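The values are calculated or read from the model by the stated rules, or taken from the named source; none is laboratory data. Predicted model only: the values in this text are computed from it and were never measured. Note that we place each Cβ from the backbone using ideal geometry, even for glycine, and neighbour counts take in every protein chain shown. Ligands, DNA and RNA are excluded from the accessible area calculation, which covers all protein heavy atoms including side chains. Shrake-Rupley method; radii C 1.70, N 1.55, O 1.52, S 1.80 Å.
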Amino acid sequence: MQDQTYTYDKLIQIIEQLRGENGCPWDKVQTHSSLVPHLLEESYELVDAINHQDTLNMKEELGDVLLQILLHAQIGKEENVFTIDQVIDGLARKLIYRHPHVFKAEKDIKTPEEVIVSWEELKKKEKKETSVSSSIDRIAKALPALVRTQKVQKKVAKVGFFWDSYLPIIDKVIEELEETKSAIKNGNKIQIEEELGDLLFSVVNLSTFFDLNPEFALTKSLEKFINRFRYIENSAFAQGKQLVDLSLEEINNLWETYKLSE
């Protein structure tokens with residue numbers, strides 16, 4: 001007998017049953033808030049699969065993200081707030097409205113860049129944004145700080161509130177670094193945190209100027225650090241030692257050796 005192929009409608013029924021009276025004890029007690037960590041985790045696992053071009057795993061992770069969406073929609077239905085059909089309807093209407101060049105032939109748009117400009121104009125009109133500040137207020141506060149910071153910087157840059165050269169940005173980074181060193185010297189932890197924040201903000205400014213994603217840049221540096229650390233640790237193991245048995249000079253030499261191999 002051939003395995004059953006489940007459809008979208010059947011999946012909705014499964015979610016309803018999981019949340020039903022005789023459903024799963026875990027699923028039944030979930031709320032929008034309690035599901036947030038799971039939505040984030042599944043989303044990051046999907047991103048990881050995409051980054052590794054793992055299409056088989058990508059299919060599974062897309063399903064896990066879809067599960068989170070359907071759970072939220074089911075909770076919304078139970079609370080008489082919204083249904084999955086209303087979610088889909090709202091999305092479809094938004095896509096049609098923000099793509100007039102496709103669905104209404106109202107605009108002659110040829111390039112991806114023109115699409116972005118049109119999308120933002122329509123979004124601003126739709127959300128009744130009357131100022132840059134109101135536009136900034138709509139940027140999700142739950143975003144990772146580096147992402148949110150760059151989004152804000154790009155918003156204000158559109159009205160000329162940005163640097164016209166990278167050189168003063170570098171000067172600002174150096175200035176903030178000196179202020180951080182001064183705060184550390186004073187031993188004031190609150191001040192150190194504030195100055196570190198200013199330093200990071202200035203570094204993101206540099207990323208924004210060159211249209212680079214600071215999250216991607218930091219991720220690449222982190223992966224580089226992990227690979228170098230793994231090499232040093234494996235080198236210690238090869239010598240029958242633990243990492244703590246190596247001197248600082250030995251660690252530095254191994255670090256430089258791996259850097260050269262990169």
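Numbers for the structure displayed
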{"item": "In segment 33-52, residue least open to solvent (accessible area, probe 1.4 Å) [restricted to those that are under 13 Å from residue 142 (Cβ atoms) and touching a helix residue (DSSP H, G or I) at 6+ places or on another chain (Cβ under 8 Å)]", "result": "43"}
{"item": "Residues satisfying the stated conditions in segment 222-262, i.e. part of a loop (DSSP other than H, G, I, E, B), open to solvent by less than 100 Å² (accessible area, probe 1.4 Å) and not hydroxyl-bearing (Ser, Thr, Tyr)", "result": "239, 240, 241, 246"}
{"item": "Single unsatisfied condition, residue 107 versus (1) outside any helix (DSSP H, G or I); (2) of a type in the set (Lys, Arg); (3) open to solvent by 100 Å² or more (accessible area, probe 1.4 Å)", "result": "(3)"}
{"item": "Members of segment 207-233 found to be of a type in the set (Ser, Thr, Tyr) and within 21 Å of residue 162 (Cα to Cα), listed by number", "result": "207, 208"}
{"item": "Flag if residue 219 is of a type outside the set (A, V, I, L, M, F, W, C) and open to solvent by less than 60 Å² (accessible area, probe 1.4 Å)", "result": "no"}
{"item": "Near pairs, Cβ below 9 angstrom, 6+ apart or cross-chain, from segment 115-133 (among the hydrophobic types (A, V, I, L, M, F, W, C)) to any residue that is surrounded by fewer than 11 Cβ atoms within 10 Å (Cβ to Cβ) and at pLDDT 90 or above", "result": "132/159; 132/161"}
{"item": "Helices (runs of 4 or more DSSP H) enclosed by segment 1-90 - at least 1 residues per element that are free of Cβ contacts under 8 Å to residues at least 40 places away in the same chain, over 29 Å from residue 144 (Cα atoms) and among the acidic types (Asp, Glu)", "result": "8-19"}
{"item": "Total residues in segment 120-134, condition part of a helix (DSSP H, G or I) and surrounded by 14 or more Cβ atoms within 10 Å (Cβ to Cβ)", "result": "5"}
{"item": "Index of the failed condition, residue 77 passing every other in (1) of a type in the set (Lys, Arg); (2) over 30 Å from residue 28 (Cα atoms); (3) surrounded by 12 or more Cβ atoms within 10 Å (Cβ to Cβ); (4) over 24 Å from the mean Cα position of the chain (by Cα)", "result": "(2)"}
{"item": "Count - residues of segment 212-262 that are of a type in the set (Asp, Glu), within 22 Å of residue 149 (Cβ to Cβ) and touching a helix residue (DSSP H, G or I) at 6+ places or on another chain (Cβ under 9 Å)", "result": "1"}
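Conditions tested, residue by residue: (1) among the β-branched types (Val, Ile, Thr); (2) farther than 23 Å from residue 152 by Cβ; (3) without any contact (Cβ under 8 Å) to a residue 40 or more places away in the chain.
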position	(1), (2), (3)
194	no, no, yes
197	no, no, yes
203	yes, no, yes
208	yes, no, no
216	no, no, yes
221	no, no, yes
226	yes, yes, yes
230	no, yes, yes
